[in-house]
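So the structure is just underneath, and the comments pick up after that.
The values are calculated or read from the model by the stated rules, or taken from the named source; none is laboratory data. Being a predicted model, the structure only gives us computed values, none of them experimental. So basically every Cβ, Gly included, is an ideal-geometry build from the backbone, and we count neighbours across all protein chains shown. Accessible surface is based on the protein model in full, side chains and every heavy atom, while ligands, DNA and RNA are left aside. Shrake-Rupley method; radii C 1.70, N 1.55, O 1.52, S 1.80 Å.
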Amino acid sequence: MIPLSSSLEARQQAFTDSRDWLEQHQFSLGGNWDYTNGSFDRALDEENKVWLRLPFEVTNGSVVDVNADTNAIITFAQPYVLRHEYQEGNDPEASARVVGALFDQFQAPSDPDARVDQKWVGKAKEVLKEVERLFPQ
């Protein structure tokens, strides 16, 4: 993980407006969100291993349903670029779930904080600069 300087840090925005605008610019809400914090993520590579992450904290209201309109206000934290390293192939320890009988064949990252090549840091800075320039006031 490599922290990046940004004018977005400490900026307050309506969650719904931020979500809608960032989704139009290839960001998605990270899977680790909850009622009080989360992140907007954008893959920087085709394999979805290198990501620009825009973390946030909910400072007013709460985010209960990420697809619904909400009055929540978020404050952006320091953005960073990270790389997940995955083992190739199916997880040898995958098992059928009792509820739903879904088969979980996807693996957790073998190294969720793998070394980030400088070319990806440069790419993340370019994307972040574009977001800062275009982000609605």
The percentage of the accessible area of the range 1-66 (probe 1.4 Å, all protein chains present) made up of carbon and sulfur atoms, to the nearest whole number, is 42 percent
Around THR70 (Cβ within 14 Å, Cβ-to-Cβ, excluding THR70; K/R +1, D/E -1) the net charge comes to -4
Note: LYS129 to ASN60 extended length (0.36 nm per residue) minus current alpha-carbon separation gives 22.2 nm
